[in-house]
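Derivation of every value follows stated rules applied to the coordinates shown; laboratory data play no part. Since we're looking at a predicted model, the values are computed, not measured. Positions of Cβ are backbone-derived with ideal geometry, glycine not excepted, and every protein chain shown enters the neighbour counts.
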Ligand code: HQG
């Protein structure tokens, strides 16, 4: 199968499962799940070609493992990146490593120094476990700048950390005092 099909399907699933389930007239459940059969039927009804095989292939081959299958195998959700309100992934709190990383770009630095890292459109601030990953995240927007986050200290101070099923660290915000700028 052309990898182009897998990429465009991944983008479509990201749109539906993170941001706008209403584009196919769907609603996510409170933990972000959607019945795969409903997803396929609704997508097809709106002219978006989607099959069970394709959905499973995207889940299995996606470069960032962006989508997860429920235990019963009948539902799908995005593992992180949501902007739809009211979704609670019910992740367990985790103790983070001493340092985490955030990849961004120079244009945002003044504002980040001012207000710390904020969620913006998404439900969490996303942090990376290593600099290589953070560099990729920052590169989506231009020349990457890597900020070091004193995650251990934040955690000791009572901030909650969650780790998504695909290894992305999620927090509510990162106040400036925990950030080291390059
Ligand atoms: C910036 C991708 C100004 C922040 C990635 C970022 C990730 C501020 C942007 C996931 C700010 C938000 C998320 C402040 C934060 N002032 N700018 N106070 N606080 N920002 O896309 O972390 O490929 O919502 O630096 O791999 O870039 O989609 O967050 O540049 O895991 O699966 O505001 O998206 O995953 O951008 O990326 P985003 P992100 P996927």
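Worth a mention:
- Only a single criterion out of (1) over 30 Å from residue 134 (Cα atoms); (2) in contact with a helix residue (DSSP H, G or I) (Cβ under 7 Å, 6 or more places away or on another chain) is not satisfied by residue 61, namely (1).
- Qualifying residue in the range 124-135 (condition: within 7 Å of the ligand (Cβ to nearest atom) and over 20 Å from residue 97 (Cα atoms)): no
- Check on residue 89, surrounded by 18 or more Cβ atoms within 10 Å (Cβ to Cβ) and either more than 8 Å from the ligand (Cβ to nearest atom) or over 21 Å from the mean Cα position of the chain (by Cα) (or both): yes
- Residue that is nearest to residue 169 (Cα to Cα), among those in the range 134-145 that are buried (at least 16 other Cβ atoms within 10 Å of the Cβ) and within 18 Å of the chain's Cα centre (by Cα): 134
- Residue check, residue 81 over 13 Å from the mean Cα position of the chain (by Cα), within 16 Å of the ligand (Cβ to nearest atom) and in contact (Cβ under 8 Å) with a residue 24 or more places away in the chain: no
- Matching entry among 64, 49 (being over 24 Å from residue 141 (Cβ atoms) and not in a helix (DSSP H, G or I)): 49
- Of everything listed in (1) in contact (Cβ under 8 Å) with a residue 24 or more places away in the chain; (2) surrounded by 14 or more Cβ atoms within 10 Å (Cβ to Cβ); (3) more than 10 Å from the ligand (Cβ to nearest atom), the single unmet condition for residue 159 is (1).
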